Every structure is written in C-alpha cells, then in structure tokens.
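A.B. asks: Please read through the structure below; I'll follow up with questions.
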2 protein chains.
Amino acid sequence: MKHISSLINNNRLWQRHNELANHGKTENGGVNRQALSNEDLHARKHIINWLKKLNIEVYTDGAANLFFRLEGINKNSPPVLTGSHIDSQPSGGKYDGVFGVLAGIEIIEALRENNIVPKSPIEVVAWMNEEGSRFAPGMMGSGVYTGTRSIEDINRIKDDNGITVSSEIKKMHSSFPNLEIKEFGREIKCYIEAHIEQGPVLELEQKQIGIVTGIQGKRTFKIEVTGEENHVGTSPRIVRRDALVSAVNIIENLHNNIWDNEDVTRFTIGKLIVEPNVPSVVPSKVVFSIDLRHPDEKILIELGDKISQICLDNSKPCTVTTKELVHDKPLKFPEKMVSKIESFTKKLNIDLMRLPSGAGHDARYLHYFCPTGMIFIPCKNGISHSPSESVKKEDLVAGTQVLAETVWNFAN
Amino acid sequence: MKHISSLINNNRLWQRHNELANHGKTENGGVNRQALSNEDLHARKHIINWLKKLNIEVYTDGAANLFFRLEGINKNSPPVLTGSHIDSQPSGGKYDGVFGVLAGIEIIEALRENNIVPKSPIEVVAWMNEEGSRFAPGMMGSGVYTGTRSIEDINRIKDDNGITVSSEIKKMHSSFPNLEIKEFGREIKCYIEAHIEQGPVLELEQKQIGIVTGIQGKRTFKIEVTGEENHVGTSPRIVRRDALVSAVNIIENLHNNIWDNEDVTRFTIGKLIVEPNVPSVVPSKVVFSIDLRHPDEKILIELGDKISQICLDNSKPCTVTTKELVHDKPLKFPEKMVSKIESFTKKLNIDLMRLPSGAGHDARYLHYFCPTGMIFIPCKNGISHSPSESVKKEDLVAGTQVLAETVWNFAN
C-alpha cells in the first residue's frame with residue numbers, strides 16, 4: 001500500500017482552519033473561542049456537520065470532551081487516539097489546538113472516503129478547556145478523562161460571571177442530545193497529539209517537523225516585597241523603603257543568576273503589581289510572579305531553590321517573602337514512541353528534529369495514562385496566543401501527513 | 001507689649017486638631033476628607049461654629065475658598081493672610097493642611113478674646129482642594145484666586161463618579177447661604193503658610209521650626225516601553241522582546257545616573273503598569289511614571305534632560321518613548337520674608353533651621369501674587385498622607401507661636 005498520508009486532501013484541510021476561525025472571530029483577525037462558550041458550541045456543530053454523511057460515530061463524556069470514532073476491524077481493540085482542543089485564549093489565533101483536531105478529522109475522513117479500515121479503531125478527540133482562560137486551570141477535559149482530577153472538583157469552578165463548569169457542560173449535553181455520553185478512562189492504545197510549536201526553534205532551525213521528546217518542568221512563585229509609603233517630594237533616599245527600588249534590584253539579580261548562556265532556561269516575570277501605584281507616593285508594596293521552566297529536573301530544582309535567597313539578599317531596606325505555587329516535573333515521552341514517530345517522518349523525507357515542548361499540553365496528562373507522543377510544526381516567529389499566530393500551508397500538510405502515518409501504523 | 005504668641009490657648013489648639021479629625025475619620029485612625037465632599041462640608045461647619053460668638057467675619061468666593069477676617073484698625077488696608085487647607089488625601093492624617101488653618105484660627109481667636117486689634121486686618125483661609133485627589137490637579141482654590149487658573153477650567157473637572165467641581169461648589173454655596181461670595185484676586189499684604197514638613201529633615205536635625213526658603217522644582221515624565229507578547233514556556237531569550245526586562249534595565253540605569261551621593265535629588269518611580277500582566281505571558285508593554293525634584297533649576301534641567309537618552313540606551317530589544325508632563329520651576333521665597341520669619345523665631349528662643357520644601361503647597365501660587373513665606377514643624381518619621389501622620393503637641397504650639405509673631409508683626 002502507498003503512503004496513507006497521500007490520501008490527505010490538502011486544500012480541504014487548509015480551508016477548514018479558516019472556516020473554523022469564524023467561530024469567535026475577532027476584529028483584529030484573531031479568535032476568541034473560550035471553553036464551553038457559544039462560540040465553542042457552534043464550532044463543535046460545525047465539525048460534526050462535516051462528518052455527517054460519512055457514518056463516523058460521534059460521542060461525548062461527562063466533561064464534554066468530544067470524540068469522533070473511525071471503527072476498526074477489531075471493534076474491541078482499544079483505539080489509537082489523536083486530537084487536541086478547539087478552545088482558545090481570549091486573544092487567540094487560528095491554529096493553537098485546532099490544528100491537532102482538524103488534522104485528526106482529515107485523516108479519518110480520508111480513510112473513510114477511501115474505504116480503508118484500520119485494524120484498531122482510530123479516534124479523534126477535542127479535549128474540553130485546554131486553555132484555562134475562562135475556567136482556570138486548563139487541561140480540564142484530559143485531566144478528568146485520565147483520572148488526574150475529579151469531575152466534581154471541575155464542576156464547581158466558576159468563570160468571572162459566576163457561571164459554573166457544571167451548568168455549561170449540561171448546556172453542551174442538551175445541545176447535542178443525540179450524542180452518547182460515555183464513561184471516563186476508557187482504555188487507549190496510544191495517544192498522539194499534533195500541535196503548533198508555539199516557539200521559534202523549528203523556524204530558526206528550518207525544520208518542518210519537531211518530534212517532541214517531552215514536556216519541560218515548571219515551577220512558579222509569588223514574590224512579595226514590602227516597604228513603606230512616603231511622599232516623593234520630601235523623603236530623602238536614606239529614609240525610604242521603596243518597594244519598587246528593591247523589587248528592581250531583586251529582579252536584576254535574579255536575571256543575572258538564573259539565566260543561562262545556552263538559553264535553555266525559561267525565566268519570566270509576567271505579572272508585577274505596585275501599591276499604591278500613584279506617581280506621587282513612594283511604593284509600599286510590589287508583588288510579582290515568577291515562571292521558571294527547564295527540561296532537566298535536576299537543574300529546575302537547583303535554580304528554583306536559589307530564588308528565595310536571591311530575593312532576601314537584595315531586598316534591603318524592604319522585606320520580602322517567596323511562595324512556591326506550582327512544581328510540575330519535566331516528563332519524557334517513551335523513547336519507543338519518539339523513535340517510531342521519527343522513523344515515520346523520515347520515510348516521508350521530511351526535515352525533522354527532536355525538541356522538548358516548552359508549553360504544557362493535554363499530552364501531559366495522557367502521558368501518565370497510555371503511551372503518548374507529540375508532533376510539532378513551525379509557527380511564524382514562534383508566536384501563539386495571539387491574532388498574529390500563523391503557519392505555512394505546506395507545514396500544516398506535512399504535520400498532518402506525519403500524523404497520518406503515525407496513527408495508521410499504530411492502529412495496524 | 002509681651003509676645004502676642006503667649007496668648008495662644010495650647011490645649012484648645014491641640015484639642016481642635018482631634019475634633020476636626022472626626023470629619024472623615026477612617027477605621028485605621030486616619031482621615032479621608034476629600035475636597036468638596038460632605039466631610040469637607042461638615043468640617044467647614046464645625047470651624048465656623050467655633051467662631052460664631054466672636055464676631056469674626058466669615059466669607060467665601062466663587063471657588064469655595066473659605067475666609068475668616070479679624071478686622072484691623074485700617075479697614076481699607078490689604079489683609080495679612082495665613083492659612084492652608086482642610087481637604088485630605090483618601091488615606092490622610094490629622095495635620096497635613098489642617099495645622100495651618102487651625103493655627104491661624106487660634107491666632108485671630110486669641111487676639112479677639114484679648115480685645116487686641118491689629119493695624120491691618122488678619123485673615124485666615126482654607127483653600128479649596130489642595131490635595132487634588134478627588135478632583136485633579138490640586139491647589140485649585142489658590143490657583144483660581146491668584147489668577148493662575150480660570151474658574152471656568154476648574155468648574156468642568158469631574159471626579160470618578162462624573163460629578164463636576166461646578167456642581168459641588170454650588171452645593172457648598174447653598175449650604176452656607178449667609179456667607180458673602182467675594183471676588184478673586186483681592187489685594188493681599190503678604191501670605192504666610194504654616195504646615196507640617198512632610199519630610200524627616202527637622203526631626204533628624206532636632207529643630208522645632210523650619211524657615212522655608214522656597215519650593216523645589218519638579219519635572220514629571222511618562223515612560224512607555226513596548227515589546228511583544230510571547231509564550232513564557234516556549235520563547236528563548238534570544239527571540240524575546242520582554243518589556244519588563246527592558247524596563248528593569250532602564251530603571252537600574254536611571255537610578256545609577258540620576259541619584260546623587262548628597263541625597264538632595266528626589267527621583268521616584270511611583271506608578272508602573274505591566275501589560276498584559278499575566279504570569280504566563282511575556283510582557284508586551286510597561287508604562288511607568290517618573291517624579292524628579294530638585295531645589296536648583298540648573299540641576300533639575302540637567303538631570304531631567306538626561307532621562308530620554310538613558311531610556312533609549314537601555315531599552316533594547318524593546319522600543320521606548322518618553323513624554324514630559326510637568327515642569328514646575330523651583331521658587332525661592334523673598335529673602336526679606338525668610339529673614340523676618342527667622343528673626344521672629346529667634347526672639348522666641350526656638351531652635352530653627354532654613355530648608356527648602358520638598359512638597360508643593362498653596363504658597364506656590366501665592367508666591368507669584370504677594371510676598372509669601374512658609375513655616376514648617378517636624379512630623380514623626382517625616383510621614384504624611386498616611387493615617388500614621390503624627391506631630392508633637394509642643395512642636396505644634398511652637399509653630400503656632402512663630403506664626404502668631406509673624407502675622408502680628410506684618411500686620412502692624
């Protein structure tokens with residue numbers, strides 16, 4: 001048999017990314033399609049509609065994850081699962097998450113159109129709320145499916161308007177009354193997620209495919225610097241306890257001590273709040289976030305453990321407290337998965353490289369549930385979560401081809 | 001005649017500071033009595049009430065400035081004017097502004113009780129809205145009185161609830177229907193303002209009285225650093241344009257270049273806002289304020305003119321813009337006023353020093369209208385605009401005694 005990947009309809013695949021982007025389309029060309037919103041609902045309807053005539057089973061579960069099943073010869077075999085998510089950040093783009101779902105859809109559609117039946121079933125999933133922007137934290141659907149979190153905990157979570165996840169899941173179920181609601185944690189043969197890189201490495205290295213080796217570890221902290229309000233016109237420096245002066249000093253020293261020449265460490269202060277934050281008053285308090293990531297757990301521990309002391313050493317005459325909020329260990333996808341995906345890519349003569357994922361994905365939770373791997377394609381300037389998120393059609397097609405070979409081979 | 005200052009009723013003076021602090025009293029022992037508020041209205045009623053039986057003329061003007069007049073032998077002579085303001089910051093204390101008004105009230109009350117009539121009239125003023133917290137900018141009443149600003153411009157200004165100065169002045173006028181509304185810009189013989197230092201110098205130097213030589217100059221700037229949003233987990237440093245990293249670098253270099261060893265320069269970044277200000281996104285924008293003050297105009301110009309270049313030199317890979325908002329030149333009170341107040345203080349055997357004012361005051365505008373001087377008393381730790389604002393009773397009495405001698409001598 002020739003490559004399964006040659007059955008892909010490139011234009012249909014590309015066109016559907018643009019079509020789906022109409023659900024939640026923003027004025028600046030971006031997408032705002034937050035989890036369980038009406039835009040999410042309409043996008044789901046849109047996808048289901050595409051598959052109507054193809055006799056592909058669609059079902060859901062108690063977390064409003066959405067599944068599409070291409071039946072296999074062995075109906076009782078656990079399915080090969082692929083997919084990602086279709087929810088977006090408030091200022092999202094057309095590809096983050098969507099690509100993984102539409103690539104999977106294209107594959108099962110192409111197989112069905114060509115009357116090709118895999119040994120094991122192939123399923124495509126759109127996980128509920130990967131982004132965590134409307135309901136925090138994210139990766140809810142995959143978290144509940146894999147038993148990492150309980151549906152009860154998730155149901156209670158509210159958005160800024162006080163609307164619960166529970167009521168929005170009910171709305172989603174009643175909007176699709178014909179879909180069977182299956183149980184969580186059904187056996188999966190393996191899970192492959194295709195996604196845009198959300199980073200610049202593939203573009204810089206001019207590779208069309210990234211074989212993801214794992215997801216880097218993350219530690220987050222909240223730093224609170226406390227000084228004293230004073231009149232800016234009258235207080236000499238000698239009597240001041242300016243929390244912003246101390247915070248700037250701390251941040252400079254964190255940069256100097258945490259950053260590496262190799263540029264592997266990710267160290268970011270994304271949020272910083274000053275009190276009382278008026279031009280005429282010496283700041284009495286500064287609170288800032290730290291997001292520290294590294295693929296090597298040993299280095300992640302070493303760097304993260306330095307933070308508190310660096311803050312203390314550079315806080316005078318203010319005081320400082322450091323609180324760790326999250327410690328997610330790095331994970332490595334099984335070498336067997338990585339090398340197999342790599343070999344399928346090589347057979348297609350596509351330029352590839354191995355790389356770790358900087359961002360978290362639903363694959364994080366699936367990793368602890370079944371053999372899991374990921375495929376990256378480049379995105380322009382490494383930008384995602386932005387209206388300017390952009391990919392090349394040929395890269396999107398290449399990623400779908402690699403996914404098709406991978407899914408097909410694991411299913412047979 | 002013995003010292004006029006010996007007629008001051010120390011306990012009454014002290015007690016009234018506590019009484020007035022009930023209007024706008026906050027839970028933490030501070031005062032929130034913003035301009036033209038109900039608290040301001042009640043405080044005005046309270047003061048007027050004290051003077052009712054003493055046949056002291058009370059009047060107002062189109063800006064709701066409030067005047068108390070002790071008639072002189074020469075009714076046609078321009079009055080010696082003293083006073084300050086009774087409005088406070090939202091988190092103010094008991095003494096900022098209030099001291100100058102209550103000291104003046106005590107003086108004319110003591111003179112009247114003792115049937116002592118000055119040659120020229122002595123008037124006490126409570127200027128409307130010195131603080132500028134509810135309606136910005138401040139020093140409104142003195143600005144309009146001296147012709148620095150027009151009443152039409154001020155009338156249009158709104159508070160956060162959309163209420164105009166105009167409507168609140170009307171409310172104030174209708175609440176005191178018996179007060180004559182006099183014109184702005186009536187001739188003044190001279191203006192003396194007593195105030196707490198709002199700085200630590202007198203306390204550090206252990207002096208009871210500060211003879212204010214002038215008000216330092218001020219330049220304010222708005223700095224805008226623009227970078228690019230990015231994913232904190234995926235973007236290496238080499239591709240980032242992190243606005244907070246650049247802002248921190250700029251601020252460090254501003255500190256290094258603007259601060260002086262002598263600790264005379266006042267350089268403060270009081271307000272800093274990060275966008276989008278979430279832990280997981282590389283900051284795309286930082287906007288911060290600069291408040292730069294110096295008593296020497298030459299140095300003020302030199303330092304202020306450096307800022308833009310320092311910002312440019314340290315902003316890479318982000319871009320930066322610098323906008324100057326205010327340039328108030330330093331002013332020196334006439335040496336004749338300073339040395340006379342100094343000599344009256346010396347006659348009372350009170351420890352004194354000359355010093356410039358770090359803060360702005362209504363005296364800034366009066367300076368350009370009539371001979372003007374100021375008297376400072378120490379405040380605890382130099383703290384003002386705070387519930388912990390505190391002065392010693394003996395210092396408050398000493399300040400009032402010096403003001404009494406000064407006002408009396410200028411009026412005779």
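Quick note: the coordinates plus some simple rules give every number you see, no bench work behind them. All of these numbers come straight from a predicted model, not from anything done at the bench. Using ideal geometry, Cβ is built from the backbone for each residue, glycine included, and neighbour counts are taken over all protein chains shown.
A.B. asks: Looking only at segment A:318-349, which residues have a backbone nitrogen under 18 Å from a spot 7 Å from the Cα of A:Glu205 in the C-beta direction?
C.D. replies: What the label zone holds, given the 18 Å backbone N cut-off, is A:331-349.
A.B. asks: Let me ask something else. How fast does chain A diffuse by Stokes-Einstein, in µm²/s, taking the Kirkwood radius from C-alpha pairs at 37 °C and 0.692 mPa s?
C.D. replies: Working: Rh = 22.8 Å.
This corresponds to a translational diffusion coefficient of 144 µm²/s.
A.B. asks: Here is a follow-up. For each pair in A:Lys346/A:Lys393; B:Lys218/B:Lys346; A:Lys380/B:Lys323, compute the distance between the two Cα atoms and list the pairs where it is over 22 Å.
C.D. replies: B:Lys218/B:Lys346; A:Lys380/B:Lys323
A.B. asks: If you take every DSSP beta bridge fully contained in chain A, what fraction is antiparallel? Give it as a percent rounded to 5.
C.D. replies: Around 65 percent antiparallel, to the nearest 5.
A.B. asks: While we're looking at this one, here's another question. Taking DSSP loops as anything outside H, G, I, E and B, show the longest stretch in chain B free of GluC sites (Glu not before Pro) there with at most 15 other beta carbons within 10 Å.
C.D. replies: Between the exposed loop sites, the longest stretch runs B:28-182.
A.B. asks: Further, regarding this structure: Could you tell me what percent of the DSSP beta bridges with both partners in the protein assembly as shown are antiparallel, to the nearest 5?
C.D. replies: 65
A.B. asks: Turning to a different aspect of this structure: At what distance in nm do the modelled label points of B:Lys52 and A:His3 sit from each other, each positioned 7 Å from its Cα along Cα→Cβ?
C.D. replies: Here the modelled spin labels are 9.8 nm apart.
A.B. asks: May I pose another question? Take the cross-link list A:Lys271/B:Lys271; B:Lys25/B:Lys158; B:Lys25/B:Lys171; A:Lys347/A:Lys392; A:Lys25/B:Lys285 and give me the ones stretching past 20 Å between alpha-carbons.
C.D. replies: As for pairs spanning more than 20 Å Cα to Cα, those are B:Lys25/B:Lys158; B:Lys25/B:Lys171; A:Lys347/A:Lys392; A:Lys25/B:Lys285.
A.B. asks: In deg cm²/dmol and to the nearest 500, what is the mean residue ellipticity at 222 nm of the protein assembly as shown if only DSSP H runs of at least 4 residues count, each as -39500 (n - 2.57), divided by the residue total?
C.D. replies: -10500 deg cm²/dmol
A.B. asks: Right, next: Quick one: what do you get for the protein assembly as shown if you divide its Cα Rg by 2.2 N^0.38 Å? Provide the component values of the computation, followed by the final result.
C.D. replies: Values: Rg = 35.4 Å, N = 824, 2.2 N^0.38 = 28.2 Å.
That ratio works out to 1.25.
A.B. asks: To continue, here is another question. B:Glu193's amide H: which non-local residues (gap 5+, or another chain) put their own amide H closer than 5 Å, with H modeled 1.01 Å from N in plane and none for Pro or chain starts?
C.D. replies: Sorted by chain and number, the residues that satisfy this are B:Gly373, B:Met374, B:Ile375.
A.B. asks: Provide an ascending nm list, one decimal, of label-point separations from B:Asn55 to the equivalent residue in each further copy; define each label point as 7 Å from Cα along Cα→Cβ.
C.D. replies: Label point to label point, same position, other copies: 11.3 nm.
A.B. asks: Run the numbers on chain B and let me know its relative contact order in percent, using alpha-carbon pairs under 8 Å that are six or more apart.
C.D. replies: RCO, chain B: 23 percent.
A.B. asks: Among A:Ala110, A:Gly24, A:Ser88, whose Cα projects farthest towards the positive end of the dipole of segment A:17-121, with charges put on the beta-carbon of Lys, Arg (+1) and Asp, Glu (-1)?
C.D. replies: Most positive-ward Cα: A:Ala110.
A.B. asks: Could you tell me which of rounded, prolate or oblate describes segment B:123-245, using a ≥ b ≥ c as the square roots of the eigenvalues of the alpha-carbon gyration tensor, with rounded for a/c under 1.5 and, failing that, prolate when a/b is larger than b/c and oblate otherwise?
C.D. replies: Taking the square roots of the gyration eigenvalues as a ≥ b ≥ c, segment B:123-245 is oblate.
A.B. asks: Contact order normalised by length for segment B:266-412, with contacts defined as Cα pairs under 8 Å and 6 or more residues apart; what percent is it?
C.D. replies: With pairs under 8 Å counted, the relative contact order is 15 percent.
A.B. asks: Can you compute the charge dipole magnitude of segment A:217-328 about its Cα centre, using +1 on each Lys and Arg Cβ and -1 on each Asp and Glu Cβ, nothing else charged? Give it in debye, rounded to the nearest 20.
C.D. replies: It works out to roughly 360 debye.
A.B. asks: Can you give me the span-like helices of chain B, meaning DSSP H runs with 24 Å or more of Cα extent along the axis and Kyte-Doolittle mean at or above -0.5?
C.D. replies: B:297-313, B:393-410
A.B. asks: Quick one: if the Förster radius is 60 Å, what FRET efficiency do A:Ser77 and B:Ile273 give, using the C-beta to C-beta distance and rounding to 0.05?
C.D. replies: 0.60
A.B. asks: Also, I was wondering about something else. Estimate the FRET efficiency between B:Asp296 and B:Glu252 by the formula 1/(1 + (r/R0)^6), using the beta-carbon distance for r and 22 Å for R0, to the nearest 0.05.
C.D. replies: On the way: r = 25 Å, r/R0 = 1.14.
Computed FRET efficiency for B:Asp296 and B:Glu252: 0.30.
A.B. asks: When Cβ neighbours within 10 Å are restricted to other protein chains, what is their mean count per residue of peptide A:239-249?
C.D. replies: 4
A.B. asks: For the pair B:Trp259 and B:Asn114, how long in nm is the line joining their label points, each one 7 Å along Cα→Cβ?
C.D. replies: The answer from the label model is 5.0 nm.
A.B. asks: While we're on this one: Kindly give the distances from A:Asn76 to its copy-mates, label point to label point, with each label point 7 Å from Cα along Cα→Cβ, as nm values to one decimal ordered shortest first.
C.D. replies: List, nearest first: 12.0 nm.
A.B. asks: If you average the sequence gap of Cα pairs under 8 Å that are 6 or more apart and divide by the length of segment A:217-328, what percent do you get for the contact order?
C.D. replies: Value for segment A:217-328: 47 percent.
A.B. asks: With the dipole of the protein assembly as shown worked out from charges on the C-beta (+1 for Lys and Arg, -1 for Asp and Glu) around the Cα centre, which of B:His361, A:Val101, A:Ala35 lies farthest toward the positive end?
C.D. replies: So the residue furthest toward the plus end is A:Ala35.
A.B. asks: At 7 angstrom along the Cα-to-beta-carbon line, where would the label on B:Val264 sit relative to the other copies? Give the distances in nm, shortest first.
C.D. replies: B:Val264 label point versus its equivalents elsewhere: 5.4 nm.
A.B. asks: Turning to a different aspect of this structure: Just report the Cα centroid separation between segment B:116-157 and segment B:214-291, whole Å.
C.D. replies: 36
A.B. asks: Averaging over every viewing direction, what projected area does the convex hull of the Cα atoms of segment A:174-250 cover, in nm²? Intermediate results must be reported in sequence, preceding the final value.
C.D. replies: Numbers: hull surface 55.8 nm².
Hull-based average projected area comes out at 13.9 nm².
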